[in-house]
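See below for the structure under consideration.
Derivation of every value follows stated rules applied to the coordinates shown; laboratory data play no part. This one's a predicted model, so the numbers in the text were calculated from it and none came from an experiment. Note that each Cβ is placed from the backbone with ideal geometry, even for glycine, and that neighbours are counted across all protein chains shown.
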Amino acid sequence: MAELLTTKQLQDLLKIDRITVYRMLNDGRLKGVKIGNQWRFPRNEIGRLLGEETEDEVPEDSANILTDFPSDCVQKVQEIYAGIIGIGAISVTLKGETLTEPTFSNPFCKMMLSNPSSRAACQASWRKIALHTTGQPPFQVCHAGLSYVRSSIEFNDRPAAWMISGQFYTNPTDREKEQERLQQLAVKHDLPISKLTEAASKIPVLNKSQQTQVQDWAPKVASTVQSILCERSDLLGRLERIAELSAIQPTLHK
């Protein structure tokens, strides 16, 4: 069990006041549990807030679960989901390896994914989101500053993969800070700043209601993928049994 810190201990470690702690709880930046009238905070929250890498435990045999992952079928589910809400989506393993192609809905992400260097950075972000500690805020931020949420895809009651939904802002951007970030991205990945800036102007900004919609829909879509995995497994199992019976049949007529 993770060590739990008191509010005072958290304040001392992060050098913040009590009001800031409660504000971070309210806006989702901080994860805590309430025991009686007192808040307690997992110690791994400190590492996350300080930018240290913390990872969920990944089952050793998780790769075997997805040997025959129906990527084409899941891709179509992603496209419908992303098209309705107007966001991007991708399915990855528990270690962040891609299972489907990214379904994207804004020019900025298309531009980032069309460049080998920036695409590699996007893939690193998917991996980081997949491996991130469960003590996370509702939305995580990628290398380019866009927000994402992940939803668990389970198979046989065990975590098997993640569906990552995002490619949007949760708050209106500070234009000066955004331009500085775009400039850094342009230099790092050798992208034309004028085109990058134009594409960034089309990144959707989701209001609170839309953010809630994403948080509500994402797990439902992941659940749909779970159903596909289970139904496919059942079908393959039945086909295997039929094949076994077909192999046995000739001996019955001898």
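Here are a few things to note about the model shown:
- Here the Karplus curve 6.51 cos²θ - 1.76 cosθ + 1.60, taken at θ = phi - 60°, turns the phi angles of segment 166-175 into couplings of x, 6, 8, 9, 9, 9, x, 7, 7, 4 Hz, with x standing for Gly and Pro.
- Out-of-range pairs (alpha-carbon distance over 26 Å; input Lys31/Lys188; Lys128/Lys220; Lys34/Lys95): Lys31/Lys188; Lys34/Lys95
- Amide H partners (placed H, <5 Å) of Ala161, local residues excluded: Ile153
- Given R0 = 22 Å, the distance between the Cβ atoms of Asn26 and Val141 translates into a calculated FRET efficiency of 0.75.
- Once backbone amide H atoms are built at 1.01 Å from N, Gln167 has Gly88, Ser147 as its partners under 5 Å, excluding neighbours fewer than 5 places away on the same chain.
- Distance in nm between pseudo-label sites at Cys73 and Ser114 (7 Å out along the Cβ direction from Cα): 3.3 nm
- Averaged over residues, the count of other Cβ atoms within 10 Å places the peptides 19-26, 104-111 in the sequence 104-111, 19-26, highest first.
- Of the peptides 84-95, 146-157, the ranking by mean beta-carbon count within 10 Å, highest at the top, reads 84-95, 146-157.
- Highest mean first, the peptides 172-179, 199-206 sorted by other C-beta atoms within 10 Å per residue fall in the order 199-206, 172-179.
- Computed from label points 7 Å out along Cα-Cβ, the spacing between Ala124 and Ile16 is 2.6 nm.
- From phi via Karplus (6.51, -1.76, 1.60), per-residue ³J(HN,Hα) for segment 149-165 in Hz, x at Gly/Pro: 9, 10, 10, 6, 9, 10, 9, 6, 6, 10, x, 10, 6, 10, 9, 10, 10
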